[in-house]
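Read the structure below first, then the notes.
The values are calculated or read from the model by the stated rules, or taken from the named source; none is laboratory data. If you're wondering where the values come from, they're calculated on a predicted model, not measured in any experiment. Every residue, glycine among them, receives a Cβ derived from its backbone with ideal geometry; neighbour counts consider all protein chains shown.
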Amino acid sequence: MLRRPASGRPAGTAAEDHRDLDAWVMVRAKIAAACLVVLLLAACTGNAPGAGPSPGNGPELLRKLDLNLALPWSIVFLGDGTGIVSERDTKLIKSIRDGQATTVGDFPGVVPGGEGGLLGLALSPTFARDRLLYAYFTAASDNRVSRVRLEQAGDGRLGLGTPELVFSGIPKAATHNGGRIRFGPDGFLYVGTGDAQQPEQAQDRNALGGKILRLTPDGKPAPGNPFGNTPVYSYGHRNVQGLAWDASGRLWESEFGPDVNDELNLIEPGGNYGWPRVTGAPGRPGYIDAKVVWPSTADASPSGLEIVNGTAFVVALRGQRLWTVPLSGDTAGTPVAYLTGRYGRLRDVSLAPDGTLWVLSNNENPDFALVLKPPHP
Ligand SMILES: [Ca+2]
């Protein structure tokens, strides 16, 4: 677990994904100077993460694709390697082929606002037959999941059919909207929500905020869910941002902490992950500790998560870096950072069919994709 000086960031001064405010940058600069003195006095003790990259055992940057994207949130891949991207505020679905982004369509019903908008994407596990693309988005009154056929014309151009509502009623707010969706190895749809600025929702097993939900592809509570005929799979989450399974089928999750304690969690069905009672890994009975804690949200503010060859890849918004975390069974090793500060805020990371790892930026100046080669196992 990481041990770093907590940032001590004042509460309520920044948006959920920890975009800095000018005043806070000045405060931070003073704190950083003070911390530097403290660190020098302490001879930099503790197992602070490596700054990377470490040649030979880290991800290798193959290319940067200048795709002129605007705040892309999620990327998934068709079997032929075509990337399908959501843009949060434009509400557009775009395809990426041969290093070019092309608009597929405008996703109907999206009402962007704050951190809400067109968020997570997932392809149906039976996409080859049904061509269904699932999307989590912020609508007028709630967050919801719809699915749409990804039509393909004779010339190969992609278009959107008419969306069909799958699941609705997830609370929305300016921040803490969650938004990641992913089909698990069991064929069910996992949906990560946020507490929508109502922290107590996370502890209420009858509320949809602050949860991981597990649904059938049609949006019903999946059979075998831990609390009976409800969609809730795990609870006590603040703002779920990333979902990924390891090779043994364990579900891992990345989550924004409040002013401190960003988290990587190993998810157990029915588990209570603490928010808002506890964060991080305090060892309090009744709450499941995070496997990795980033005490300073300036280092992380994690969003997308992918697991390849036993390594978890976590991209950081405010932290502006790619974290790698070695996983072994149900334990997580010491995180190592790559690309730190070189490409700005990073939103999603996803494995392509050719084995490359794609990272989406979140800078809007404009946004791009990085294509990386994962390290050898
Ligand atoms: Ca927690």
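Kindly list the number of the only condition in (1) at pLDDT below 95; (2) within 11 Å of the ligand (Cβ to nearest atom) that fails for ASP259.
All conditions are met except number (2).
Which residues, taken from the stretch 290-313, are within 16 Å of ARG250 (Cβ to Cβ), within 14 Å of the ligand (Cβ to nearest atom) and either free of Cβ contacts under 8 Å to residues at least 12 places away in the same chain or assigned to a strand (DSSP E or B) (or both)?
The first filter runs over the stretch 290-313 and keeps only residues within 16 Å of ARG250 (Cβ to Cβ), leaving 290-292, 305-313.
Among the residues that remain, those that are also within 14 Å of the ligand (Cβ to nearest atom) are: 290-292.
Within the stretch 290-313, VAL292 is the sole residue that qualifies.
Would you please name the residue that is nearest to the chain's Cα centre (by Cα), looking only at residues in the stretch 227-253 that are within 11 Å of the ligand (Cβ to nearest atom) and of a type outside the set (D, E, K, R)? Break it down stepwise before answering.
Within the stretch 227-253, the subset within 11 Å of the ligand (Cβ to nearest atom) is 234-240, 253.
This time we only want the ones that are of a type outside the set (D, E, K, R), so: 234-237, 239-240.
Details: SER234: 16, TYR235: 17, GLY236: 17, HIS237: 13, ASN239: 9, VAL240: 7 Å.
Ranking the qualifying residues of the stretch 227-253, first place goes to VAL240.
Yes/no per residue for (1) surrounded by 20 or more Cβ atoms within 10 Å (Cβ to Cβ); (2) of a type in the set (A, V, I, L, M); (3) within 16 Å of the chain's Cα centre (by Cα):
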| site | (1), (2), (3) |
| --- | --- |
| ALA300 | yes, yes, yes |
| GLN320 | yes, no, yes |
| GLY333 | no, no, no |
| ALA337 | yes, yes, no |
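Please go through the stretch 314-328 and give me each residue that is farther than 18 Å from VAL240 by Cβ and in contact (Cβ under 8 Å) with a residue 24 or more places away in the chain, ordered by number. Break it down into steps so the answer makes sense when it comes.
Start the filter on the stretch 314-328 by keeping residues that are farther than 18 Å from VAL240 by Cβ, which leaves 320-322, 324, 326-328.
Selection gives GLN320, ARG321, LEU322, THR324, LEU327.
Give me a count of the residues in the stretch 262-286 that are under 19 Å from the mean Cα position of the chain (by Cα), within 8 Å of the ligand (Cβ to nearest atom) and among the hydrophobic types (A, V, I, L, M, F, W, C).
Final tally of qualifying residues: 1.
Out of SER74, SER86, I need the residue that is in a strand (DSSP E or B), touching a Pro at 6+ places or on another chain (Cβ under 9 Å) and either farther than 29 Å from ALA173 by Cβ or at pLDDT 95 or above (or both). Which one?
Details: SER74 fails: touching a Pro at 6+ places or on another chain (Cβ under 9 Å).
From the options SER74, SER86, the qualifying one is SER86.
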